[in-house]
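This report concerns only the one structure given below.
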Amino acid sequence: MRRWVAAAVVGVVAGLTVAATGSAIERAAAGGGRALGPGHVSVDVGIDHSRFSVERLRVRPGTVVRFVVTNDDPIAHELVVGDDDVHARHVAGTEAVHPPVPGEVSVAPGEVGVTVVRFEAPGTVRFACHLPGHLAYGMEGEVVVG
Ligand SMILES: [Cu+2]
C-alpha cells in the first residue's frame, strides 16, 4: 500500500525561488522528446530495480516540475535534484533519510514522495540517488533546460 509521505516543497535552482501552486499543472508520464513547460508540470518518476524510469527530461526555462517519485523497490531510495555542490554534499554525506529539503526527497519502499523544483537557467541539472552504491549502479539522470 502506498502512502504519501513527503511534503511538496519548493526548490531553488540557479538562484530563483518561486512558490509552486496547483494551477494548470501539465502532466507527463515520462521524459519523452518534447520539452515540457514553461509553467507547472508534473512528472511521474518510477523506481524499479534501482533504476529511475526517467533518465532524461527536457524542460523550457521557467518550468516548475513536481516530481512524483514512486518507489516500487523493497529498499529505500531518494531523488536529489541540484547543481554540482548539492551532489558533492550528498556523495560525501551520510544522510540516510532527508528532511523535506527543496529538490530532495527520500522515498521508503513501496511509497511515493514528491518534491518541486523550478528550472530557470538554460543548462543541465543532474538528479541522482545518493544512498550507498546507488549512483555507481546507475541511479542518475538529467534535466536539460533549454
Ligand atoms: Cu537508490
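What follows draws every value from the coordinates through simple rules; no lab data is involved. Fair warning: this is a prediction, and the values are worked out from it, not measured in the lab. With ideal geometry, Cβ positions are generated from the backbone for all residues, glycine too; neighbour counts draw on all protein chains shown.
Miscellaneous remarks
- Label zone (residue 144, point 7 Å along Cα-to-C-beta; backbone nitrogen cut-off 11 Å) within region 44-73: 56-59.
- Exposure proxy ranking, count of Cβ atoms within 10 Å, fewest first, for 75, 47: 75, 47
- Going by neighbour counts of Cβ atoms within 10 Å, the residues 124, 70, 63 line up, fewest first, as 124, 70, 63.
- With Cα atoms as the point set, region 23-145 shows a radius of gyration and Dmax of 13.4, 38 Å.
- Each other residue within a Cβ distance under 13 Å of residue 61 adds +1 if Lys or Arg and -1 if Asp or Glu, for a net charge of +2.
- By the count of neighbouring beta-carbon atoms within 10 Å, fewest first, 53, 106 end up ordered 53, 106.
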